[in-house]
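Only the coordinates and a few stated rules stand behind these numbers; no lab work does. For clarity, every value in this text was computed on a predicted model and none was experimentally measured. FYI the Cβ positions are ideal-geometry reconstructions off the backbone, even for glycines, and counts take in every protein chain you see.
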Amino acid sequence: MNSRQPIPVVVLAGFLGSGKTTMLNHLLASRGGTRVGVVVNDFGSIEVDAMSVAGQVGDSMVSLGGGCLCCAVDGSELDAYLEKLSAPVHRIDVIVIEASGLAEPQEMIRMLVANENPAVRYGGMVQVVDAAEFDATRVRHPETDRHLAVADLVVLNKTDRVGADERARIESALATLCAPGTPVVGAAHGRIDPELLFDRRPWTETRGQLSFEDLIAEAEGHDHRTHAHAAYESTEFTSEQALSPRRFMDFLDRRPAGLYRIKGFVWFGVPGHGECYEIQAVGRFLRFAPRPWGRGEARLTQLVLIGSGTDGQGLVRELAACREQSPQDVNPETMWGVLRYVDRPGPEGEDTPGPEEGDAPGADGSDVPGPDSPRTTRTY
């Protein structure tokens, strides 16, 4: 991940018992050499002793007060946490916020989108759903439906505890509760491929350091080299010819629900917009980040598409149809669809986030948090 780009901040939400901490443990154990900053309300079952042995925390740990993150109405407390984690000395690649089981995701999204720290950016919201307790959770927590409606990616956890018919029924219900096109990833024991949320660096980049991944693998008694990625397909697309902004945005708008992640760089070549556009998509979340081309860097599009049940060859054909023969003759107004998802300069050089894909999340959540619990920020 390019350290010069803002650090993505991913919100991991879901009600108590849905498996958020288990999923976070798996992400950390499978993160490769990626440096992950984590904000959690309670460490729960995370291997604190193993992390201490790894010796990877150092000054990247911030101890916080009690309470629920979404109670920081003005966002100043969360801003302070993110400023600490985004300090260059920590070399963080991605930040994951594990929200309290009773937190209001809409409020957290609002605070992250409004955050004025140019070193971080909102990276999408993942809602974890307990398949075995789906109906009971909706009865106890009616706000579940509202949370699902703003999720960018839904992880249907504990699928090993329900039969095929029950899983199909839940997935059908989720299709009506979530925004159109929201991907639903099935998982058991919170095991999803980290590549669905962030890029993994090879361990060779941290050679000579004790491996937290190895410690967790040893503690759990399994080979950490076998990850959930076997359940997903990865498709690559490269084009030396520029892409049409309009046709490419049409492709993104109609991308199949099984396509969970898109990452890479896009070359449009439209007059006035000749930069390299980095693209990051997690579920419905979409963001472009323009940057100058490097000296001698080839102008081309390079994309990686990760999903399940997708037609790789079909995706390549659709992307190939987005090629533009004469980008220099394209009307610059066709870039408006792309620019909607670019952080725009605000007053006095501050960055103003562009709108998110789909309806903008509201900030009118009325959840009342439960009892205060310890909250800690660490980097692994």
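Peptides 80-88, 191-199 ranked from most to least packed give 191-199, 80-88, packing being the mean of other C-beta atoms within 10 angstrom over each peptide's residues. Taking amide H as placed 1.01 Å from N in the peptide plane, the amide H of R323 sits under 5 Å from that of S244, each at least 5 places away or on another chain. Peptides 152-163, 330-341 ranked from most to least packed, by the mean per-residue count of other Cβ atoms within 10 Å: 152-163, 330-341. Full extension of the chain between E143 and E171 gives 8.3 nm of extra length, using 0.36 nm per residue less the Cα-Cα distance. In summary, no lysines lie within cross-link reach of K263, defined as a Cα separation below 16 angstrom excluding same-chain residues under 8 places away. Potential lengthening of the chain between Q313 and E333 amounts to 4.1 nm, from the contour at 0.36 nm per residue minus the alpha-carbon distance.
Bridgeable lysines around K158 (alpha carbons under 27 Å apart, same-chain partners fewer than 8 residues away excluded): K20. Packing order of peptides 112-125, 290-303, highest average first: 112-125, 290-303 (average count of other Cβ atoms within 10 Å over each peptide's residues).
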